[in-house]
Structure formats: C-alpha cells, structure tokens
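These notes concern the structure reproduced below.
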Amino acid sequence: MYNSFKEMIAEYTDIDPETLDRNTDIRTDLGMDSLQLANLASRLEDEYGVTISDRDAMNIRTIGDILDIIGE
C-alpha cells in the first residue's frame, strides 16, 4: 500500500516517488496547495475506504500524517 500511495502523491506533484518518505512535507517539499490537498483527501477516501474530516485534512503536514490517517 505504501508504494501505491507514493505513486498517487507523485501523480499530483510530478515528483519521483522514490524520493518521498514519511517526513516529506506536503506543502513545503511538494508544493501542494489547499485544492490539491482536498482532491488528494477525496481520492484517499475513495481508494482506501477512510473518512478524512476537514479538520484532519487541514492538519496534514507530512506524508506520515496521511499514512497515519489511512492506517499504513
């Protein structure tokens, strides 16, 4: 699941998924904005069967934060 998740992030950012780790900052390192993050949260909900509240989505800072939410 972790590798498919990294591939998903790479689709949104055009970043090599092999360079991503749990400490990668979504906004600073990847340059994702609020709209991209909202779209990603929606896709995560669909693909992993999780619910991400608006509050949780706003608190996401790193890839590790997202992995914690989806249970990876």
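What are the pairs with Cβ atoms under 8 angstrom where one residue, in segment 43-63, is free of Cβ contacts under 8 Å to residues at least 40 places away in the same chain and the other, located anywhere, is among the hydroxyl-bearing types (Ser, Thr, Tyr) and surrounded by fewer than 12 Cβ atoms within 10 Å (Cβ to Cβ)? Sequence gap at least six, or different chains. Cβ pairs passing all conditions: Glu45/Thr51. Looking only at segment 45-56, count every residue that is open to solvent by 70 Å² or more (accessible area, probe 1.4 Å) and part of a helix (DSSP H, G or I) and tell me the total. Matching residues across segment 45-56 total 4. Identify, please: which residue in segment 57-72 is more than 19 Å from Asp14 (Cα to Cα) and open to solvent by 20 Å² or more (accessible area, probe 1.4 Å) and is, among those, nearest to the chain's Cα centre (by Cα)? Looking at residues that are more than 19 Å from Asp14 (Cα to Cα) and open to solvent by 20 Å² or more (accessible area, probe 1.4 Å), I get Asp65.
Residues that are modelled with pLDDT under 90, open to solvent by 20 Å² or more (accessible area, probe 1.4 Å) and β-branched (Val, Ile, Thr): does segment 17-31 have at least one? No, the conditions are met nowhere in segment 17-31. Here Ser4, Ser42 are screened, and the one residue that is assigned to a helix (DSSP H, G or I) and open to solvent by less than 60 Å² (accessible area, probe 1.4 Å) is Ser42. Applying the criterion of being touching an Asp or Glu at 6+ places or on another chain (Cβ under 8 Å) and more than 16 Å from Tyr2 (Cβ to Cβ) to the residues of segment 42-72, the residue that is modelled with the lowest pLDDT is Asn59. Only residues that are of a type in the set (Gly, Ala, Ser) and within 10 Å of the chain's Cα centre (by Cα) were counted across segment 1-56, and they come to 3.
The values are calculated or read from the model by the stated rules, or taken from the named source; none is laboratory data. In this text the structure is predicted, and so the values were computed from the model without any measurement. Note: ideal-geometry Cβ built from the backbone for every residue, glycine included; neighbour counts use all protein chains shown. These accessible areas exclude ligands, DNA and RNA; they are computed on the full protein's heavy atoms, side chains included. Shrake-Rupley method; radii C 1.70, N 1.55, O 1.52, S 1.80 Å.
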